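Novice: Pasting a structure below so you can have a look.
The values are calculated or read from the model by the stated rules, or taken from the named source; none is laboratory data. The structure displayed is predicted, hence computed values, not measured ones. Virtual Cβ from ideal backbone geometry, glycine too; neighbours counted across all protein chains shown.
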Amino acid sequence: MLGNTKGKRLDKYVEDYVIFDLETTGISCITDKVVEISAVKVLKNKVVDKFSTLVNPEMKIPFRASQVNHITDDMVKNAPVFKQALDDFNVFAGDMVLAGHNIHTFDMKFIQRDAKAFWGKVFTNNYIDTLVLARQRLPQLTNYKLTDLAKHYGISAAGAHRALADCVMNQQVLEKLGKESGFLAAEANGKKCPKCGRLMKRRNGRFGEFWGCSGYPNCRHTEN
């Protein structure tokens with residue numbers, strides 16, 4: 001939903017959300033453009049609708065970008081421009097919480113930049129970044145790419161780097177992250193680490209259950 005104040009990042013799981021993904025001509029949110037936007041709507045943990053469209057970026061797609069996302073100039077020449085696609089996405093998402101992988105530093109910057117340019121407004125939706133959640137909830141991992149998380153959970157990564165396939169994969173990853181042991185209790189109680197502000201996670205140790213910071217090993221705070 002468009003308004004005057006940007007939404008905030010939520011470091012917690014919710015049951016209702018719209019998970020989205022962009023494919024772009026490059027990684028710069030200053031000079032690069034969107035070539036595909038897709039989204040999956042989830043209510044009570046279940047996928048209820050999907051949205052996807054290629055986008056004409058009104059510029060040549062660099063060869064390196066096409067190598068990654070397999071989207072070519074010929075594929076997008078008759079596609080809508082991003083103003084139309086983003087308007088359609090706004091209608092699809094409404095005021096629901098948005099979600100995605102690495103959207104805090106990438107996707108949100110693109111859609112906020114262009115919403116501001118097109119309408120002088122920004123997306124007011126709060127959002128969840130599964131990269132941030134994964135780092136909190138799976139501190140034992142060394143890699144946090146979406147495909148690495150899919151592999152960790154035994155989820156198919158078929159079609160990776162196309163927007164809709166990434167949304168479907170990410171939705172399954174988010175559901176798994178939402179069920180990580182100990183976090184549901186922490187979220188229900190709003191229990192956060194007094195040292196770093198991250199959620200505390202219920203853990204089992206040699207002397208029984210205790211609360212440990214989800215930022216471990218960077219933060220080692222524990223409580224009985």
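Novice: Could you count how many residues in the range 124-167 are touching a Gly at 6+ places or on another chain (Cβ under 6 Å) and not hydroxyl-bearing (Ser, Thr, Tyr)?
Specialist: Going through the range 124-167 one residue at a time, the tally reaches 3.
Novice: Find the residue count for the range 48-63, including only residues that are more than 17 Å from ILE111 (Cβ to Cβ) and under 19 Å from the mean Cα position of the chain (by Cα).
Specialist: 3
Novice: From the residues in the range 195-209 that are in contact with a Cys (Cβ under 9 Å, 6 or more places away or on another chain) and in a loop (DSSP other than H, G, I, E, B), which one is surrounded by the most Cβ atoms within 10 Å (Cβ to Cβ)?
Specialist: ARG198
Novice: Within the range 1-15, how many residues turn out to be surrounded by 13 or more Cβ atoms within 10 Å (Cβ to Cβ), at pLDDT 95 or above and not in a strand (DSSP E or B)?
Specialist: Going through the range 1-15 one residue at a time, the tally reaches 3.
Novice: What is the number of the single condition among (1) under 18 Å from LYS33 (Cβ atoms); (2) out of contact with any strand residue (DSSP E or B) (no Cβ under 8 Å at 6 or more places or on another chain); (3) aliphatic (A, V, I, L, M) that VAL91 does not meet?
Specialist: Only one criterion in (1) under 18 Å from LYS33 (Cβ atoms); (2) out of contact with any strand residue (DSSP E or B) (no Cβ under 8 Å at 6 or more places or on another chain); (3) aliphatic (A, V, I, L, M) is unmet by VAL91, namely (1).
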